[in-house]
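Okay, structure first, notes after.
Read-outs: derived from the displayed coordinates by stated rules, not from any lab. Computed from a predicted structure; not experimentally measured. Ideal geometry is used to build each Cβ from the backbone, glycine not excepted, and the neighbour counts take in all protein chains shown.
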Amino acid sequence: MFSSTLFEGARVVVTGAGRGIGLEVARGFLDCGATVLLHGGRAPQDSLPDFLEAAIAEGRASIAYADFLEPAGVQSFIEAVKARFDAIDVLVNNAGTMVGRFPADQLTDEQYHAVTRLNQDSVVELTRSLIPLLKAGNKAAIVNTVSISALTGGSPGSAIYSATKAFVSTYSKALARELAPSGIRVNCVSPGTITTDFHQRYSSADKLEATRKTIPLQRLGTAEDCAPAYLFLASNSLAGYVTGQILEVNGGQLIV
């Protein structure tokens, strides 16, 4: 896919890397020579993929667990990053989920704050705290995960989730302008309907099949479809003149 030396020597942080897109993104960076700190979610898993166990044994990967819904969760992960790296070359803010489908007239304050805390506030808190390490990196890049729903508004029950993703899209564009003088690029990957645990949890089989029929490529996406977009945007040799952009990965679902 990419050269095994594309990110040789790069120090990379990937949140939400315990499964799905985040795990595949971490695999891509490791395959290309990077040293990667993965945010593994709220609790250790029973077993790790073989590639990750091998990378940990080689000293090229490490995992820090933190629940971003907890008041001190993001800060505990920030401390883990600072303990591992004195500079960062790539930050991938991928952690986030819908939490649940909440009808607008039934949404509670607790549900609202959980969705915004996980998908919006954690991105700001983490990025703000790690900017000094990014400035110490080598032409650093930030890649944030948003969603097709940031443009479409999503489906019923996902209004706040969709709004948080739109927030991150706009925040990323503003950061791109602000951090450009420091040589830091900021972009987003916006996945469409991807067959990960996310949609197993929040979408029915009938809904997914109906969506598939509307996609020009006539299939749902995979984590493997998404990961190359992150590596492209993170690479200075491939995307060194790309900043403030949102790369849609959706099989043509949003051709306009």
Estimated [θ] at 222 nm from DSSP helical runs (n ≥ 4, -39500 (n - 2.57)) normalised by residues in the chain, nearest 500: -13000 deg cm²/dmol
Under 19 Å from LYS213, Cα to Cα: aspartates and glutamates that are on another chain or at least 8 residues apart: ASP225, GLU248
Contact order normalised by residue count of region 11-249, Cα under 8 Å, 6+ apart, percent: 20
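For LYS207 and SER4 in the same chain, what is the full-extension length gain: residue separation times 0.36 nm, less their Cα-Cα distance, in nm? List each step's numbers first, then the result.
On the way: separation 203, 0.36 × 203 = 73.08 nm, distance 3.88 nm.
This chain segment gains 69.2 nm when fully extended.
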With Cα atoms, 0 to 90° folded angle of helix 73-84 axis to the chain main axis: 20
Selected from ARG219, ARG128, ARG42 as most flexible by GNM, with the chain as the system and alpha-carbon contacts under 10 Å: ARG128
Degrees separating the helix 205-214 axis from the principal Cα axis of the chain, which is the longest one: 80
Eligible lysines near LYS207 by straight Cα distance, threshold 29 Å, same-chain separation 8 or greater: LYS165
Loop-located GluC sites (Glu not before Pro) in region 1-68, at most 13 other Cβ atoms within 10 Å (DSSP): GLU8, GLU58
Cα centroid of region 210-249 to Cα centroid of region 106-159, whole Å: 18
